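The values are calculated or read from the model by the stated rules, or taken from the named source; none is laboratory data. Being a predicted model, the structure only gives us computed values, none of them experimental. Here the Cβ positions follow ideal geometry from the backbone for every residue, glycine too, while neighbour counts run over all protein chains shown. Heavy atoms of the whole protein, side chains included, go into the accessibility calculation; ligands, DNA and RNA do not. Shrake-Rupley method; radii C 1.70, N 1.55, O 1.52, S 1.80 Å.
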Amino acid sequence: MKHGLLLLGWLFAAWPASAQSYAVETIPMPEGLTAETGAIEFMPDGRLIACFTRGEVMIYAPRTKKWQLFAEGLHDPLGMLVISNREVLVMQRPELTRLKDTDDDGMADVYEKVTDGFGLSGNYHEFNYGPVKDKQGNLYIALNASSPNGAMRPEVRGVIKKEGRDSTDGRKQMFAAVPYRGWIMKLTPAGKLVPYAMGFRSPNGIGFDLAGNLFATDNQGDWIGTSPLLHVQEGRFYGHPASLVWKKGWTKGSPFVLPPATLDSMRTKPVVLFPHGIMANSPTQPLCDITRGKFGPFAGQLLIGEMNQARIVRVMLEEVGGALQGACIPFLDGQGLRKGNNRLAFAPDGSLYVGQNSHGWLGDEGIQRIVYTGKPPLDIYKMQITPKGFDLVFTQPVDVASARNPASYSMRQYNYNYHKKYGSHQMNLDSVAIRQVLVSPDHKRVSIVLQQMKAGYVYELKLKNIQTTAGQPLQNNLICYTANRLPGETAPVLKRPAFAKKDIEEGKLLITKSDCRTCHRPNEKLVGPSYADIARKYQPTEANVNQIAQKIIKGGSGVWGQIPMAPHANIPLADTRKIARYILSL
């Protein structure tokens, strides 16, 4: 056993750095620039445009590696949308601004207000983010709540609602005394700015997935036990009470005096929780991988920046019980990546640019570029919940001996308090016993059966010794799934593979070419039972294979009803056995 552990240790240590799937390079920045990156995007001609929190907007040409000033004098710009090679929208503190180069000299000569239809109290924490654009042409911007550690100026923009500021216990909570702090706003193509969703504290990052779902991150603090990813839907409340005073028709006074249980019943839960101190402390922009494989095997999933660690987080979602939920996993730890990963943008060549920021918080400054080397990583592609545990789908086949060993996995469950205090400890923390581990015939799916499952918990899974048969180690050994809901008992659970993969594949081909489809379907009852129903009734043993093979040849009735099954004496016994093995492998 000792020699086995030494061998595994040697394999992990010996995997060469040259075999890494991603390479990180640092973009040279202009001399004298305080490179606190507020936003980055790519222009149609392939140039990178970036804004920095000291007010500059600059353009970088990857081909020549030269920077050019486009605009300056902006106030804390933290978001940008490219319109053309000569026009961008920039979200700064007081307004959403259009910057336009009308005389083609490479510098913006038009600074035009797009909207300023929200309040400003002068509080230092009133950062704004976005815009992002949906398929109908609507723009979305996100507005921070104000900080209790900062003051309001004597002169503000917008009406004041004192009930949006908690004054009962020393004003120690984020507040929304002017409209619409703590909201995400929608700007229609006609130019009307309307409140869209509420309950945000510091939503430093909004973005869409391929299906058009809008997401926002938020940061741990009062009323937020740990940082979440939120699926933003119109009219929903996401947990921080201050913004409720700006809800149309709100008549309940200060939302801070409502019982937490009442507020909890009103809020929409996060689709993913990032455990604090474990996965992410200050998540930023969600960006969907739209590269169709240019950036590796995770196309369609979300990548999210993290300020406090030298890390980007990857998110995989699924619909359970009619709502999204899912898992988060480190995407890139270290490997030359710095901290302060505030903004992300894909270049036309599929590489990922990361803008970093240390503006008043932990982090670094500058911009880095992450390139997929073409060497596939061994990583968890997705984690899916089942009635009895979780399925892990890997990017490559895994070594069966280590993957099948329950000692390769350890699982904990916990949740977080919803309360006005800053953050939350892990509550109801407990380890979860692993009853069984099964590996699919292609060695890419591992099914973990747990002793128990409960809704409303984060399931934190740690893996060790998982590798390919060639010794390539697993890229990331930590993944956390937010289980708001459990799937129905009818959802499939992976069965232990009991037959040779070749027999299963040949059996599937034979049954497809036969007339079995006249009376049977893989997952639905027709004249006879579905193949899945047969597999649930009979264990995958050779004795049952022979029994079913004989039934196919001779026909019969009485087991699944009185309608007789026609005999198939023309099918050789060897082939009926392969068909039976395919059915029992489902």
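Less than 5 angstrom separates the built amide H of V132 from those of Y140, all sequence-distant by 5 or more or on a different chain.
When +1 charges are put on Lys and Arg Cβ atoms and -1 charges on Asp and Glu Cβ atoms, the dipole computed for the chain relative to its Cα centre reaches about 2040 debye. Free of any GluC sites (Glu not before Pro) that DSSP assigns to a loop and that have at most 13 other C-beta atoms within 10 Å, the longest stretch within the chain is 235-488. Averaging the Cα positions of each part gives two centres, and for the stretch 571-586 and the stretch 299-335 these lie 41 Å apart. When the Cα atoms of the stretch 134-230 are aligned to their principal axes, the ranges along those axes come out at 44, 33, 17 Å in descending order.
Under the simplified labelling scheme, the H419-D45 pair shows an inter-label distance of 5.8 nm, with each label point 7 Å from Cα along Cα→Cβ. By a 1.4 Å probe calculation restricted to protein chains, K172 has an accessible surface near 150 Å², given to the nearest 10.
Working from label points 7 Å from Cα in the Cα-to-Cβ sense, the K375 to A433 distance is 4.2 nm. Sorted largest first by accessible area at a 1.4 angstrom probe radius, with every protein chain in place, the residues L317, L438, L210 fall in the order L210, L317, L438.
Residues whose amide H falls under 5 Å from that of H125, counting only those 5 or more places apart or on a different chain, are S147, with hydrogens built in the peptide plane. Take the chain with all the other protein chains still there, run a 1.4 Å probe, and you get 44 Å² of accessible area per residue.
Going by alpha carbons, how many degrees (0 to 90, nearest 10) lie between the helix axis of 573-584 and the longest principal axis of the chain? Here the helix axis deviates by roughly 30 degrees.
Counting only helical runs of four or more DSSP H residues, what would the 222 nm mean residue ellipticity of the chain come to if each run contributes -39,500 (n - 2.57) and the total is spread over all its residues? Theoretical 222 nm ellipticity from helices: -3500 deg cm²/dmol.
Label positions at E234 and D105, each projected 7 Å from the Cα along the C-beta direction, are separated by 4.4 nm. Ranked from largest to smallest solvent-accessible area, with a 1.4 Å probe on the protein heavy atoms, K502, K162 come out as K162, K502. Ordered by 1.4 Å accessible area with all protein chains kept, D391, D116 run largest first as D116, D391.
Using Cβ point charges alone (K and R +1, D and E -1), the dipole size of the stretch 70-167 about the Cα centre works out to roughly 560 debye.
Between K192 and Q335, take the C-beta separation as r, use R0 = 51 Å, and let me know the FRET efficiency to the nearest 0.05. Calculated value: 0.65.
Of the trypsin sites (Lys or Arg not before Pro) found in the stretch 343-386, not one falls in a DSSP loop while having at most 12 other beta-carbon atoms within 10 Å.
Placing +1 on each Lys and Arg Cβ and -1 on each Asp and Glu Cβ, with no other charges, gives the stretch 374-466 a dipole about its Cα centre of roughly 200 debye. Multiplying the residue separation of D116 and R93 by 0.36 nm and removing their Cα-Cα distance gives an extension gain of 7.3 nm.
In the chain, a dipole from Cβ-located charges (positive for Lys and Arg, negative for Asp and Glu) runs towards its positive end, and of V88, G73, C519 it is C519 whose Cα lies farthest in that direction. Taking a point 7 Å from the Cα of W250 along the Cα-to-Cβ direction, the residues of the stretch 190-210 with backbone N closer than 14 Å to it are 195-201.
Probe radius 1.4 Å, ligands and nucleic acids ignored: give me the carbon and sulfur share of the accessible area of the chain as a rounded percent. Carbon and sulfur: 52 percent of the exposed surface of the chain.
The residue list Q452, Q547, L486 was ranked by how far each Cα lies along the charge dipole of the chain toward its positive end, using unit charges on Cβ atoms, and Q547 comes out on top.
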